[in-house]
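**Q** Before I ask anything, here is the structure I am working with.
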Amino acid sequence: MLKIENKADIFHYRTLLFVLFFSISILLSRYFYLQVIDYERYSSKSQVNSIRAKATYAPRGLILDRNGVVLVENYPTYILTVTPYKLSDKDSQFKVISEITDISIEELNRRYKKYNQGRFLPTVIAKNLTFAEISQIEERRLELKGFQYKRFDERLYNDVLNDAHFLGYLRELDRESLPFLDKSQLYRAGELIGWQGVEKQYEKQLRYSKGVEYIEVDTFGREINRINENNIPAYPGNNLILSIDARLQQFSKNLLNDKKGVILISDVDTGDILTMVSNPSYSLDIYRGETSDGDWDSLLKDENKPIINRTISGLYPPGSSFKLITAFNLVEDGLLDPEDSLMCTGSYTPPGSSNTFKCWKEDGHGLVDLNKAIAQSCNVYFYETVQLIKLAEWTNTAKTFGFNFKTDIDLPNELIGQIPDKEFFINTYGRWGWSERGVLLNLTLGQGDILVTPLQSLRYINHIASKGKTAKLKLNASKEIEYYEDINFSEQTWQRVVNGLYDVVNVDGGSGWRAKQESEVKLYGKTSTAENPHGEPHAWFNGFFDLNGKTYSLVVLVENGGGGGAVASPIAGKIVSFFTDLNIEMAEK
Amino acid sequence: MNPFNSFLYGSNEYIGRLYLIISSLIAFGLLTLYSISSEPLSLSSSFSRQIIFILFSLLIFFLIGRINIKTIHDNSTLIYIFSFLLCLIPFFLSPVENTYRWIDFGLFYIQPGEYLKCASIILIAKYLSNHQLEVKEGYVVIIPIIIALMSSLLVLNQPDLGTAVIIFAPVLPMLLWAGVNTFNLFLLIAPVITIIAAANNIIFNIWALIMFLIFLTFQGNFIKKITIYFANIFTGLLFPFFWNDFLNGYQRQRFLDFLNPDLDPMGSSYHIIQSITAIGSGGLFGKGWGQGSQTQLKFLPVQESDFILSVIAEEFGFFGISIIMILFFMLIKTLLDIAFKCSDYFSSLVIVGLTSILFSHIFVNSAMTIGLMPVKGLPTPFVSAGGSFMLLCFIILALVTNLSKN
């Protein structure tokens, strides 16, 4: 079929055959030597004892707050393991264990199956053995062949500050998750791994590096002798210092008390998050012992959703703070003179429409310029002015401030929210079911299809406080400062908006007057009252302030709390004064 | 004969024998995997996974069986370039276990380096089967070596020393098969042996003597021979000096780490010791299926792939390992028979190349388990667990079946 006849030479064929024969002979003779001539030696070696590599462990790194307060540490517990092939009578032995530990036989069997690593390797079936239990196991040692207790470090959480949301927790590895993990870390079933929060994010840093110890064991796997050669020591994990300030975190959490909501405080210059409260929460203590499936279920089904970290995974309409997006557009693009005043009569009727849109103040704000419109959060002013802006430009500006993107916080499971654009409206309402002018009336108030996370809102206020050159938000105090993409608005644009934010809190008639400080500290901010389909509006306060030459920002959100001015502002005010006192205290020390 | 049968058995009796041998090897492998899986019937066990891999590979086997050899011959350059580019893809993906060897498809990994081996062989075969080529001329060796070197360097950067070495394995047999001057072939391998021999003084002296005799035997320009001979001797003399004195300990370690990135943190000598103990304690007839204490107590590492022969040796003894070795011998011999009897030269050369790959895997892997070679993660054909390599073996089988039809 092809061009050339096979011209292989019988000599070459024989050469290769010889090489083959020769190589296989070498291999076989070596096998013969090992298995037949030297059999006695290896047979006794395999029977009497053998060297086994045993993993050794070191403690996981601690988690501290910025001032060195220990948030998460380790404490030793005892666990019970079972080696399947050594069991004499599994059912009756499990019954004994069940009597001693009070764990049901079904539960023991479930764990036995779940963490099984093979007939010859120990499987964990009980944790947190008390000394009473250990001594009982020791007493009935003869009945319990195949069972063994050993030390196992677990996490111990700070009594007061054990917020599950950013700290996260550890989980035992089961066999199903093993194939998806970094193989270089040598994970084994039954070991603990960071499963949420910073425990997950900084798993590599916190995790110890496993060591190896060589021991001689007999055919039953019993340890005979330690060989102190070639051992590789285990090293403890590195500590993680968070940017969180425990006192501030604690104070903020107490302020929210039984309200659902979020409080975030950050250092604008570094991006450090000083406080991250998401309420309601749950205590990490549930990971300490044996948590029954029922407890878990009620936690998962709780309609207040305590397991969700609202700061990064809660989605809310932002409300009036988005009026600033319109304001930035107007001033930066020179669409109107900020000094020009419009008349607010309490309602607005778009040209050629019969619908009337109301201002929150029924008898109107009278003559309103940009400053007053921001300070008093006048709807009519923004209804009228947003008509000068195209939808695409408006959504673009919102995205410039990081909405619809992750903030890149060092936590897993962050959501990006939603900034609706033209495509979204076409997909949702059909080609003719909406109009650009109409949706903008909603968007400019931060309502209708916009969803943001509180952390995005914090990033937004940081952009304004730092005039566009903004450090990325982070929880790890030692992480190097990175920056978001610069927002290049003119100095005048930033100043106009910041002036408005000043008036919100500090000038009579401003919507955030309840946050005004008695001290010298000047708070800038914006209140929002975000209507939503789930009941009362969400109350927001986003703001920033300068203290001792540094700039700090905060976001307060009370879910279904009511008005931003009435509910969120006082909380913000209290936080800032507490922070001020704290700072003075620190300075005096 | 109906078309299905003619596809299966080809036009000669060797193909039938080939399938019989391979089926036995696969059966032996599965038997062993069953014995070391704690729950062989669960989907995550290496036993069930192996069955799935085999079924999938069979599918690919039948697909490749449909490709015309002429298409392969005419597009060999294209096939090579394609495989080469495929090997570049992992460099743009995130590393898997700190190397750039794999492309992650979610459910399974593909190691494109495996396919570059085949592609290099096909390209070299096409070059050597060209009827205008004067095979007796010395320059003929240059192009095949460049092809192998290119592939090898790429794979070395992934880094994957095992595959990089295996890519070179077919070059020598193929050149020999094509009738290249034997002395030229000797010149090719001499420096490599020199460097290795330099590790030991006595071996080096013996090697110098052998080399001297060979140089005497072959005809050729006297001055040229003398120059090459002494170049070899000097390389051998200088290498230990370079290694010991020129590089400091840290650099040597870096170099060794680069060559052997999958060095187990528990130490590779530990592997060898455990493997040899397992093999030796197997004795003449082994400890019985599922009864190997070294295997079952997990003393033996990576037993389902790299050290599967040690498991066989422990559980089935010298008797079992002899059967495996005889099967391997017959496998390679049958392949050489097919290559020899093949009517077409290109096909014949490709089969020799593919056979060399299978053989080098067999040899390196077996030699490793008995401590004759350093630990390298190379699986045994048709016996070891592992999807990517099993697929390669079936692709080789499909190509051989196809090529033998002439």
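**Q** Can you tell me the FRET efficiency between B:A208 and B:I143 if r is taken as the Cβ-Cβ distance and R0 is 35 Å, rounded to the nearest 0.05? Before the final figure, lay out the partial values.
**A** On the way: r = 31 Å, r/R0 = 0.89.
Computed FRET efficiency for B:A208 and B:I143 comes out at 0.65.
**Q** From the phi of every residue in the range A:539-550, what ³J(HN,Hα) in whole Hz does the Karplus formula 6.51 cos²θ - 1.76 cosθ + 1.60 yield, where θ is phi - 60° and glycine or proline is x?
**A** Residue by residue, the range A:539-550 yields 9, 10, 9, 10, x, 8, 8, 9, 8, 6, x, 10 Hz.
**Q** Under 16 Å from a label point 7 Å along Cα→Cβ of B:F105: give me every residue in the range B:115-130 with its amide N that close.
**A** Those under the cut-off are B:115-116.
**Q** Can you give the mean number of other chain Cβ atoms that lie within 10 Å of the Cβ atoms in peptide B:280-292?
**A** Working: counts 14, 13, 8, 7, 4, 1, 1, 2, 0, 0, 0, 0, 1.
Counting other chains' Cβ atoms within 10 Å and averaging over B:280-292 gives 4.
**Q** Oh, and also: Describe numerically, in nm with one decimal, the distance between label points set 7 Å from Cα along Cα→Cβ at A:K574 and at B:A231.
**A** The two pseudo-label positions are separated by 8.8 nm.
**Q** First check a/c for the range B:127-244, with a ≥ b ≥ c the square roots of the eigenvalues of its C-alpha gyration tensor; if it is under 1.5, answer rounded, and if not, answer prolate when a/b is larger than b/c or oblate otherwise. Provide the component values of the computation, followed by the final result.
**A** On the way: a/c = 2.38, a/b = 1.14, b/c = 2.09.
Cα axes put the range B:127-244 in the oblate bin.
**Q** Sticking with this structure for a sec: What order do you get for A:60-66, A:92-98 when each peptide is scored by the mean count of other beta carbon atoms within 10 Å, highest first? Could you put the intermediate results ahead of the total?
**A** On the way: A:60-66: 20.7, A:92-98: 17.0.
Highest to lowest by the protection proxy: A:60-66, A:92-98.
**Q** Restricting to Cα pairs below 8 Å that are 6+ residues apart, what does the relative contact order work out to for the range B:3-404? Please round to a whole percent. Walk me through the numbers on the way to the answer.
**A** Details: 493 pairs, mean separation 102.0, N = 402.
25 percent.
**Q** For the residue pair A:F32 and A:Q517, what label-to-label distance in nm results when each label sits 7 Å from Cα along the Cα-to-beta-carbon direction?
**A** 9.2
**Q** Cut-off is 10 Å between beta-carbons; in what order do A:D486, A:D38 appear when sorted fewest neighbours first?
**A** Values: A:D486 12, A:D38 16.
Taking fewest neighbouring Cβ atoms as first place, the list is A:D486, A:D38.
**Q** From the Cα gyration tensor of the range B:3-404, with a ≥ b ≥ c the square roots of its eigenvalues, which class applies: rounded if a/c is under 1.5, or else prolate if a/b is larger than b/c, or else oblate? Write down the numbers at each step before the final one.
**A** On the way: a/c = 1.56, a/b = 1.15, b/c = 1.35.
Oblate, since a/c reaches 1.5 and b/c is not below a/b.
**Q** Still on this structure: May I ask you to derive the relative contact order of chain A, considering only C-alpha pairs under 8 Å and at least 6 residues apart, and to give it as an integer percent? Intermediate results must be reported in sequence, preceding the final value.
**A** Numbers: 1144 pairs, mean separation 76.9, N = 589.
Relative contact order for chain A comes out at 13 percent.
**Q** Grab the Cα-Cα distance for A:Y85 and A:K390, subtract it from 0.36 nm times how many residues apart they are, and report the gain in nm with one decimal.
**A** On the way: separation 305, 0.36 × 305 = 109.80 nm, distance 7.33 nm.
Roughly 102.5 nm would be gained on extension.
**Q** Would you mind checking which residues have amide H under 5 Å from A:T77's amide H? H placed 1.01 Å from N; only 5 or more apart, or other chain.
**A** A:F152, A:D153, A:E154
**Q** Holding the Cα-Cα limit at 27 Å, pick out from B:K70/B:K117; B:K126/B:K405; A:K406/A:K516; A:K95/B:K287 the pairs that are longer than that. Mind showing how you got there, number by number?
**A** Numbers: B:K70/B:K117 20 Å; B:K126/B:K405 18 Å; A:K406/A:K516 32 Å; A:K95/B:K287 35 Å.
Beyond 27 Å between Cα atoms: A:K406/A:K516; A:K95/B:K287.
**Q** Within 10 Å of each Cβ in B:331-340, how many Cβ atoms from other chains are there, averaged over the peptide?
**A** On the way: counts 1, 7, 5, 0, 1, 7, 2, 0, 5, 9.
So the per-residue partner count for this stretch is 4.
**Q** Now for a separate question. I'd like the Karplus ³J(HN,Hα) series for the range A:156-164: coefficients 6.51, -1.76, 1.60, θ = phi - 60°, whole numbers in Hz, and an x wherever there's a Gly or Pro.
**A** Those phi angles translate into 10, 9, 4, 4, 7, 9, 10, 6, 5 Hz.
**Q** Follow-up question, since we're still on this one. Order these peptides, B:357-364, B:211-218, by their mean beta-carbon neighbour count within 10 angstrom, highest first.
**A** The packing order, highest mean first, is B:357-364, B:211-218.
**Q** Give me the dipole magnitude in Debye, nearest 20, for the protein assembly as shown about the Cα centre, with unit charges on the beta carbon: positive for Lys and Arg, negative for Asp and Glu.
**A** Values: 85 positive and 96 negative charges, 690 e Å.
Taking the Cα centre of the protein assembly as shown as origin, the dipole is about 3320 debye.
**Q** Counting only residues 5 or more places away or on other chains, whose amide H sits under 5 Å from the amide H of A:Y348 once H atoms are built in the peptide plane?
**A** HN-HN under 5 Å from A:Y348: A:F357, A:K358, A:C359.
**Q** Now for a separate question. Which residue, chosen from A:Y383, A:T15, A:S243, occupies the Cα position most advanced towards the positive end of the dipole of chain A, where the dipole is computed from +1 (Lys, Arg) and -1 (Asp, Glu) charges on Cβ about the Cα centre?
**A** Of the options given, the answer is A:T15.
**Q** Roughly how crowded by other chains is peptide B:343-355, in terms of the mean Cβ count from those chains within 10 Å of each of its Cβ atoms? Provide the component values of the computation, followed by the final result.
**A** Numbers: counts 5, 6, 7, 5, 4, 5, 3, 0, 1, 4, 0, 0, 2.
Across the residues of B:343-355, the mean count of other-chain Cβ atoms within 10 Å is 3.
**Q** In debye, nearest 20, what is the charge dipole magnitude of chain A about its Cα centre with +1 on Lys and Arg Cβ and -1 on Asp and Glu Cβ, if you could check?
**A** With Lys and Arg at +1 and Asp and Glu at -1, about 2060 debye.
**Q** A:N532's amide H: which non-local residues (gap 5+, or another chain) put their own amide H closer than 5 Å, with H modeled 1.01 Å from N in plane and none for Pro or chain starts?
**A** Distant-sequence amide H within range of A:N532: A:H538.
**Q** With a 10 Å Cβ neighbour count serving as the proxy for reagent exposure, in which order, fewest first, do B:M390, B:M325, B:M373 appear?
**A** Working: B:M390 22, B:M325 19, B:M373 15.
Listed from fewest to most nearby Cβ atoms, that is B:M373, B:M325, B:M390.
**Q** Can you pick out the pairs among A:K259/A:K361; B:K225/B:K341; A:K301/A:K550; A:K469/A:K526 whose Cα atoms lie more than 32 Å from each other?
**A** Numbers: A:K259/A:K361 27 Å; B:K225/B:K341 37 Å; A:K301/A:K550 43 Å; A:K469/A:K526 20 Å.
With Cα atoms farther than 32 Å apart: B:K225/B:K341; A:K301/A:K550.
**Q** Using the number of other C-beta atoms within 10 angstrom as an exposure proxy, rank A:E5, A:E332 with the fewest first. Present the calculation step by step, with values, prior to reporting the outcome.
**A** On the way: A:E5 11, A:E332 18.
The order, fewest Cβ neighbours first, is A:E5, A:E332.
**Q** For B:K224 and A:L181, what does the FRET efficiency come to when R0 = 45 Å and r is the distance between their Cβ atoms, rounded to the nearest 0.05? Display every interim value, and only then the final one.
**A** Numbers: r = 59 Å, r/R0 = 1.30.
Calculated value: 0.15.
**Q** How would you classify the range B:30-96 from its alpha-carbon gyration tensor, with a ≥ b ≥ c the square roots of the eigenvalues: rounded for a/c under 1.5, else prolate if a/b is greater than b/c, otherwise oblate? Walk me through the intermediate numbers first.
**A** On the way: a/c = 4.18, a/b = 1.65, b/c = 2.53.
Here the range B:30-96 falls in the oblate category.
We did not get these values from a lab; they are worked out from the coordinates using the rules stated. Only a predicted model underlies this, so the values are computations on that prediction, with no experimental measurement involved. Backbone-built Cβ (ideal geometry, glycine too); neighbour counts: all protein chains shown.
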